[in-house]
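Participant: Attaching a single structure in structure tokens format; questions to follow.
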Amino acid sequence: MTAPELPPPRSSLPEAASRFGAHLLASAAAHALDVEVVTGGPPGTPSLPAPPVTSASALAARPLPAAPAAGAPAPSAGLERLLRGPSGLGTAGLRLFPRDEPQAPPSPPAAAAEGRPVPGLYHHTVPEPDPGLVEEVSRRIKAWALDEVSLYPEDWEEQFDGFSVGRYMVGCHPDAPTVDHLMLATRLMVAENAVDDCYCEDHGGSPVGLGERLLLAHTALDPLYTTEEYRPQWAESLHADAPRRAYRSAMEYFVRAASASQADRFRHDMARLHMGYLAEAAWAQLDHVPEVWEYLAMRQFNNFRPCPTITDTVGGYELAADLHAQAGMQKVIALAGNATTIVNDLYSYTKELDAPGHHLNLPVVIAEREGLSERDAYLKSIEVHNDLMHDFEREAAALAEACPAPGVHRFLRGVAAWVDGNHHWHQSNTYRYTLPDFW
Ligand SMILES: CC(C)=CCC/C(C)=C(\C)COP(=O)(O)OP(=O)(O)O
Ligand SMILES: [Mg+2]
């Protein structure tokens, strides 16, 4: 059967962002009828995509520090040890209760993180991510961005490199068993940022028409099931701009490695994220500053949540759907997501003040709504963050005690590791973030 003539896929992105990858569009049009819908893989043990042939393929199989088997320690015999978490090099972030222990000693000077923490911010110091792993993940993610999804034009390269996504993801997933597992998180992180930058913010994004763009991009994660007549146009649209190409490809890799329920969990978290983007956009369109609690509600959705909640897939195990869905776990995940996202508000504060328009973040909203000076609003935001972190740790500890299943404990440690790695990346990414002069 010959493919019918298809109109060129439409993108509502600005010209610079949408024209890039035009060659991919052409080949997509040719193959539109053959596109396989991304759905859950076959039941059974999740398997990763075949690793690319690479001179560093040995590294891909290299076990990372602290990769305990999901079912290893018996809860009755080892509950206390599980709660303490692993103690080897590079495992500080995997502990559930670092608050009750002395802070990990600072890394040796050679590996010391750049940047300084926000003064007074409650956080846990983690070692600098393994430079060999960072290099390999960075190499592979750039190859994916350029060769597989045509993510950015040449003049965005410095920003792509400055984002240091390899260092970010290696730092956030210390229990990933292989580089292939790390790549699952790294591709998704890049894709999520492409959507945020190109649809919502820095790279030509706008609140106008955002709902349409997000919904159509969401079908790269949650496929459209429609009739023969309309399916090719949809399939082709997934190649129409960089955000959709990135979502489609990153999700395809993820779905191959994840169980059906892990993939569905991720889709749900991404729908939450898109809803948060829309509320933020609505306020931007109306030039409205919400109440502080309303802002915090928006930021619970426009949130890093989809990143820590894939910790089990990236760790090569699965937290059962019912254990993930239980109220206690949902509370822990929400608190972790909120604390990590307020970390972003604090570290990106000066970047956002310098950006065009009136960018909302917690200090800006508190200053405006509560009539505080910029400095006092910033300091109050630190307190909000610290309360969220303490709540996260208290709720995680309570859940670990109430639900001593090894998978639950490992997942909680994975989320805690993500929280710590996220802070470390924000603190040390001096290319992207600069602290305000309040001290
Ligand atoms: C990676 C991911 C799921 C991001 C979703 C939400 C998001 C972009 C953030 C929580 C970061 O916030 P922000 O847009 O303010 O980022 P920068 O301050 O520009 O780094
Ligand atoms: Mg920010």
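The values are calculated or read from the model by the stated rules, or taken from the named source; none is laboratory data. Given the structure is predicted, the values throughout are model-derived calculations rather than measurements. Positions of Cβ are generated from backbone atoms using ideal geometry, with glycine treated the same way; all protein chains shown enter the neighbour counts.
Quick grid of which residues meet (1) in contact with a helix residue (DSSP H, G or I) (Cβ under 7 Å, 6 or more places away or on another chain); (2) within 14 Å of ligand 1 (Cβ to nearest atom):
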position	(1), (2)
W293	no, no
A325	no, no
A334	yes, yes
V364	no, yes
A377	yes, no
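Participant: Next question, about the same structure. Six or more apart or on different chains, Cβ under 7 Å: which pairs go from a residue in the stretch 135-147 that's closer than 17 Å to R245 by Cα to one that's surrounded by fewer than 22 Cβ atoms within 10 Å (Cβ to Cβ)? Could you list them?
Facilitator: Within 7 Å, the pairs are A145/F160.
Participant: Shifting gears a bit: Output the residue which, of all residues in the stretch 387-434 that are among the aromatic types (F, W, Y) and either free of Cβ contacts under 8 Å to residues at least 40 places away in the same chain or within 20 Å of T125 (Cβ to Cβ) (or both), is surrounded by the fewest Cβ atoms within 10 Å (Cβ to Cβ).
Facilitator: Y433
Participant: Related question: Tell me whether the stretch 375-385 contains one or more residues that are at pLDDT below 95 and not basic (K, R).
Facilitator: No, the conditions are met nowhere in the stretch 375-385.
Participant: To continue, here is another question. Any idea how many residues of the stretch 343-367 are assigned to a helix (DSSP H, G or I) and surrounded by 17 or more Cβ atoms within 10 Å (Cβ to Cβ)?
Facilitator: The total comes to 13.
Participant: With the condition kept exactly as written, say whether any residue in the stretch 243-257 is of a type in the set (F, W, Y), buried (at least 19 other Cβ atoms within 10 Å of the Cβ) and either touching a Phe, Trp or Tyr at 6+ places or on another chain (Cβ under 6 Å) or closer than 30 Å to V365 by Cα (or both).
Facilitator: no
Participant: Can you pull out every residue in the stretch 272-310 that is under 30 Å from A258 (Cα atoms), out of contact with any Asp or Glu (no Cβ under 8 Å at 6 or more places or on another chain) and away from ligand 2 (no atom under 16 Å from the Cβ)?
Facilitator: R272, H274, M275, L278, A297, P308, I310
Participant: Still on this structure, I have one more. What pairs come out if I take residues in the stretch 328-353 that are more than 10 Å from ligand 2 (Cβ to nearest atom) and modelled with pLDDT of 95 or more and pair them with residues that are outside any helix (DSSP H, G or I) and among the polar types (S, T, N, Q) whose C-beta lies under 7 Å away, six or more apart or interchain?
Facilitator: G337/N303; N338/N303; T350/T434
Participant: Here is a further query. Would you check if F266 is within 15 Å of ligand 1 (Cβ to nearest atom) and out of contact with any Gly (no Cβ under 9 Å at 6 or more places or on another chain)?
Facilitator: Yes: the conditions hold for F266.
Participant: Further question on the same structure: Just one of R394, R413, R375 is within 30 Å of Q159 (Cβ to Cβ), charged (D, E, K, R) and part of a helix (DSSP H, G or I); which is it?
Facilitator: R375
Participant: Looking only at the stretch 263-317, count every residue that is in contact (Cβ under 8 Å) with a residue 40 or more places away in the chain and outside any helix (DSSP H, G or I) and tell me the total.
Facilitator: Number satisfying all stated conditions: 9.
Participant: Right, next: Determine whether L372 is away from ligand 2 (no atom under 16 Å from the Cβ), among the hydrophobic types (A, V, I, L, M, F, W, C), closer than 30 Å to Q285 by Cβ and surrounded by fewer than 19 Cβ atoms within 10 Å (Cβ to Cβ).
Facilitator: Yes, satisfied.
Participant: Can we say P232 is surrounded by fewer than 21 Cβ atoms within 10 Å (Cβ to Cβ), out of contact with any Cys (no Cβ under 8 Å at 6 or more places or on another chain) and not in a helix (DSSP H, G or I)?
Facilitator: For P232, the condition - surrounded by fewer than 21 Cβ atoms within 10 Å (Cβ to Cβ), out of contact with any Cys (no Cβ under 8 Å at 6 or more places or on another chain) and not in a helix (DSSP H, G or I) - is not met.
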